[in-house]
Amino acid sequence: MKHFQLKDSHGRHINYLRLAVTDRCNLRCFYCMPEKGIQFLDKKELMTYEEMIRLLHLVKTLGVNKIRITGGEPFVRKDLIHFLKEVKKDIQPTSFSITSNATLLHHYMDDIPDLFNAMNISLDTLDRERFFAITRRDNYELVVGNIQALLRSGVGVKVNAVVMSGKNTQDILPFVEWTRKENIEVRFIEEMPFNGSRDSKDVSNWNYQKILAHIKGEFKDIETLPTPPSSTSMMYQVKGFKGKFGIIPAFSRTFCGTCNRIRITAKGQLRTCLYSSKGTDLLPALRSDMPDEQIQDIIINAVLHKEKDGFEAAERRFGPSSIYESMTTIGG
Ligand code: SF4
């Protein structure tokens, strides 16, 4: 096994892996996938938990110490909780987190507090009807109930809310109001074109400046909070409020200069940028008798060719107007 700090050709240290454990989800958010869903991967095309654990060992000695589990919806994958416990015990990442839509958390509330200090929950509205309109599923009460259960158990909650014009902009101020009494973090995310049927011209015009101006129009006393290195979220707090809010300029891509992350999709494809359409398939290597060091070399080489930023990655796609695949196939 090689011991080496992953670095790209732009001098950025890569220590953060977003690992997708499935491409399946039990919601149908219109900005992520078509109503009918997508052609999901066959079981044999998916990485097994053993293959994922091996990969995590391989990248650990390459300096990856921050791991986020993503999907689709991670908890739709069978026996996920055992895998999460194994990652925590065997890989021992310095930072271990997960992004979920919270629809299934009530099944795992006994285990979650031992696994995570905080969870990222995707929730785009505080209104049941808009929830149904966005996700095409009637799970609003379940999600909010599970968020409350997390908070009662002492697990921190970071809500990710994608801002979409004509869909949920009326939720922006109620979300900030939620942070008055609740010690949560609400992060507003610019909409991105990853829904399997649109191109980049179709995304909402609610960029980070517009979102912040809208909030400042209502809440006058807002403090700007320090932003940790490589963080994608600009954080704020309304004076006297328990919680915080943040804005993630995911389409404006203002944070790429300090990017420290790579992604591995559920089918074992290494993506060096969210906006890149191409990746490096690791599964054939994992399923061959290729030695660990050689697989590490594939990862090191892929990272060396990491794009400068999300614009360069989008350009390298088949030209600026290509159709973007569904976010559930990448892992967010
Ligand atoms: S858009 Fe690409 S380069 Fe920019 S932060 Fe995201 S993954 Fe990194």
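The values are calculated or read from the model by the stated rules, or taken from the named source; none is laboratory data. Computed from a predicted model, the values in this text were never measured in an experiment. Because the Cβ atoms are built from the backbone with ideal geometry, glycine has one as well, and the counts that use them run over all protein chains shown. Surface accessibility is based on the protein's heavy atoms, side chains included, excluding ligands, DNA and RNA. Shrake-Rupley method; radii C 1.70, N 1.55, O 1.52, S 1.80 Å.
I want to confirm something. Restricting to the range 126-150 and keeping residues that are more than 18 Å from the chain's Cα centre (by Cα) and among the polar types (S, T, N, Q), which single residue is farthest from ARG28 (Cα to Cα)? For the range 126-150, the residue satisfying everything is GLN148.
There is at least one residue in the range 257-266 that is away from the ligand (no atom under 16 Å from the Cβ), in contact with a Leu (Cβ under 8 Å, 6 or more places away or on another chain), closer than 28 Å to THR328 by Cα and assigned to a loop (DSSP other than H, G, I, E, B). Among the numbered conditions (1) within 16 Å of the ligand (Cβ to nearest atom); (2) open to solvent by 20 Å² or more (accessible area, probe 1.4 Å); (3) among the basic types (Lys, Arg), the only one that LYS306 does not meet is (2). Against the numbered list (1) surrounded by fewer than 21 Cβ atoms within 10 Å (Cβ to Cβ); (2) in a helix (DSSP H, G or I); (3) within 16 Å of the ligand (Cβ to nearest atom), GLN296 comes up short only at (3).
With respect to the conditions (1) among the hydrophobic types (A, V, I, L, M, F, W, C); (2) buried (at least 21 other Cβ atoms within 10 Å of the Cβ); (3) at pLDDT 95 or above, ALA314 falls short on a single one, namely (3). Restricting attention to the range 14-54, the residues that are touching a Leu at 6+ places or on another chain (Cβ under 7 Å) and part of a helix (DSSP H, G or I) total 3.
Can you name the residue in the range 171-181 that is touching a residue at least 40 places away in the same chain (Cβ under 8 Å) and farther than 21 Å from SER100 by Cα and is also surrounded by the most Cβ atoms within 10 Å (Cβ to Cβ) among such residues?
Filtering the range 171-181 down to residues touching a residue at least 40 places away in the same chain (Cβ under 8 Å) leaves 171-176, 178-181.
Pick out the ones that are also farther than 21 Å from SER100 by Cα and you get 173-174, 180-181.
Numbers: LEU173: 14, PRO174: 12, ARG180: 12, LYS181: 10.
Going through the qualifying residues, I end up with LEU173.
Restrict the check to the range 226-247 and report whether at least one residue is within 13 Å of the ligand (Cβ to nearest atom), in a helix (DSSP H, G or I) and either among the hydroxyl-bearing types (Ser, Thr, Tyr) or on the phi < 0 side of the Ramachandran plot (or both). No: the range 226-247 contains no residue that is within 13 Å of the ligand (Cβ to nearest atom), in a helix (DSSP H, G or I) and either among the hydroxyl-bearing types (Ser, Thr, Tyr) or on the phi < 0 side of the Ramachandran plot (or both). Checked against (1) surrounded by fewer than 21 Cβ atoms within 10 Å (Cβ to Cβ); (2) in contact with a strand residue (DSSP E or B) (Cβ under 7 Å, 6 or more places away or on another chain); (3) closer than 28 Å to GLN209 by Cα, SER233 passes all but a single condition, namely (1).
Cβ-Cβ distances below 6 Å connect the following pairs, each with a first residue in the range 255-275 that is closer than 22 Å to LEU58 by Cα, a second residue that is of a type in the set (Asp, Glu) and away from the ligand (no atom under 13 Å from the Cβ), and a separation of six or more residues or different chains: ALA266/ASP23; LYS267/GLU45; GLN269/ASP281. Just one of the listed residues (ASN65, ASN120) is surrounded by fewer than 18 Cβ atoms within 10 Å (Cβ to Cβ) and closer than 29 Å to ASP8 by Cβ, and it is ASN65.
With the requirement that a residue be open to solvent by less than 10 Å² (accessible area, probe 1.4 Å) and in contact with a helix residue (DSSP H, G or I) (Cβ under 7 Å, 6 or more places away or on another chain), what does the range 28-51 give you? Don't jump to the end; show me each part of the working.
First, the residues of the range 28-51 that are open to solvent by less than 10 Å² (accessible area, probe 1.4 Å): 33, 37, 47.
MET33, MET47 - these are the residues of the range 28-51 that are open to solvent by less than 10 Å² (accessible area, probe 1.4 Å) and in contact with a helix residue (DSSP H, G or I) (Cβ under 7 Å, 6 or more places away or on another chain).
Selection within the range 156-170: residues that are touching a Lys or Arg at 6+ places or on another chain (Cβ under 8 Å) and more than 16 Å from ARG130 (Cα to Cα). The member of this set that is surrounded by the fewest Cβ atoms within 10 Å (Cβ to Cβ) is LYS158. Residue check: is SER153 hydroxyl-bearing (Ser, Thr, Tyr), exposed (fewer than 15 other Cβ atoms within 10 Å of the Cβ) and under 22 Å from LYS244 (Cβ atoms)? Taking the combined requirement at face value, the residue satisfies it.
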